[in-house]
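The block underneath contains the structure these notes are about, expressed in structure tokens.
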Amino acid sequence: MKLMEEILTRPQTLKGRNVLTWLDFSQEEVSQILANTQNLKANPHNSMLNGKTLGMIFEKSSTRTRVSFEVGMTQMGGHAVFLNPRDIQVGRGETIVDTAKVLSRYVDALMYRTTSNKKLTELAEHATVPVINGLCDKYHPCQALADIFTILELKGSLAGVKVVYLGDGNNVAHSLMILSAMMGMEVVVSAPKGFEPDPEIVKKAEEAAKKNKGSVKIENDPVAAVQDADIVYTDVWASMGQEEEAEERHKALNGYQVNDELLKHAKEDVHFMHCLPAHRGEEVTASVIDGPKSVVFDQAENRLHVQKAILLSVI
Ligand code: CP
Ligand code: NVA
């Protein structure tokens, strides 16, 4: 895929669309959003969302997602409203359906970070404005798009790039796997037995890979997985809401730590990625995440740029 350097374009096929998972999009549509991202990164301020408002519902904590969406709206002349379920009526039993219908009368798009993909789908079904997934139990599409954009910046193209995700087969792993497969990349997920990604999502990623000349592999052995990797990626071993399982998870995932020894098996110019927040000494050593191979803060910055491109596409 080549980056488009021309003027920013907003294809009509993307207008009004929900962004719940990249499985609902074509490679061309994603490429268009990536091209717009590059333009927006070079020219951060515009007035294309003048007078528009994004409603953001957060059932879980957030630093990057919250701030980058809010700043993104501001930089394009719009506004974002932060909605904590504890403060709005949904926390007192008002239904997701009614919330979707009411908020749609006020705002131009909704972003939802939720504990459950089912609730996300319900909100999207009943909202009359586009709904963007700001992380759920299954997916984290905005993160994956920032990751892919970061890889594109580093490597110049995506096809054939080998990305290896190590550790818990979670929401971040799912979205990275789907989007990498869709973009024609070679994606390997390395997790211990019982922590592999959801087999149904793996199947869908495999179908996407087949269509786009990519590949998907699940490999239990971390050393075998990272052979010749261009990118090595990891995420926390206990996600938000899994705090009580932390000890058991740490035991199971212990052999999947990204450290200097493991990276010796990857390509010489390998880059280390992490969606953040990170736990140094657990899924990654400080020497790796704070070392020269790490691009984690570029990934975090790129959340802002890709999300602006998403907002411009769907609003
Ligand atoms: N990576 C990410 O989504 O970070 P936050 O939880 O801080 O939003
Ligand atoms: N897998 C992590 C990602 C946080 C951005 C979680 O769901 O907590």
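Of the numbered conditions (1) under 25 Å from His45 (Cα atoms); (2) outside any helix (DSSP H, G or I); (3) without any contact (Cβ under 8 Å) to a residue 60 or more places away in the chain, Ser62 satisfies every one except a single condition; which is it?
(3)
I'd like the full set of residues that are within 11 Å of Val161 (Cα to Cα) and either within 16 Å of ligand 1 (Cβ to nearest atom) or more than 22 Å from the chain's Cα centre (by Cα) (or both), limited to the range 222-236.
Matches in the range 222-236: Asp228 only.
Would you check if there is a residue in the range 243-257 being closer than 27 Å to Gln38 by Cα, free of Cβ contacts under 8 Å to residues at least 60 places away in the same chain and within 16 Å of ligand 2 (Cβ to nearest atom)?
no
Exactly one of (1) in contact with a Leu (Cβ under 6 Å, 6 or more places away or on another chain); (2) within 16 Å of ligand 1 (Cβ to nearest atom) is unmet by Val284. Its number?
Of (1) in contact with a Leu (Cβ under 6 Å, 6 or more places away or on another chain); (2) within 16 Å of ligand 1 (Cβ to nearest atom), only one is false for Val284: (1).
Got a number for residues in the range 154-169 being in contact (Cβ under 8 Å) with a residue 60 or more places away in the chain and either over 29 Å from Leu110 (Cβ atoms) or within 12 Å of ligand 1 (Cβ to nearest atom) (or both)?
11
Which number in (1) within 16 Å of ligand 1 (Cβ to nearest atom); (2) closer than 15 Å to Ala146 by Cβ marks the one condition that Met56 misses?
Of the numbered conditions (1) within 16 Å of ligand 1 (Cβ to nearest atom); (2) closer than 15 Å to Ala146 by Cβ, the odd one out for Met56 is (2).
Given the structure, is Pro192 in a loop (DSSP other than H, G, I, E, B), crowded, with 22+ Cβ neighbours inside 10 Å and at pLDDT 95 or above?
It is false that Pro192 is in a loop (DSSP other than H, G, I, E, B), crowded, with 22+ Cβ neighbours inside 10 Å and at pLDDT 95 or above.
Considering (1) assigned to a strand (DSSP E or B); (2) of a type in the set (Gly, Ala, Ser); (3) away from ligand 1 (no atom under 16 Å from the Cβ), say which one Ala80 fails and leave the rest.
Every listed condition holds for Ala80 apart from (3).
The values are calculated or read from the model by the stated rules, or taken from the named source; none is laboratory data. Only a predicted model underlies this, so the values are computations on that prediction, with no experimental measurement involved. Reconstructed Cβ throughout: ideal geometry from the backbone, glycine too, with neighbour counts over all protein chains shown.
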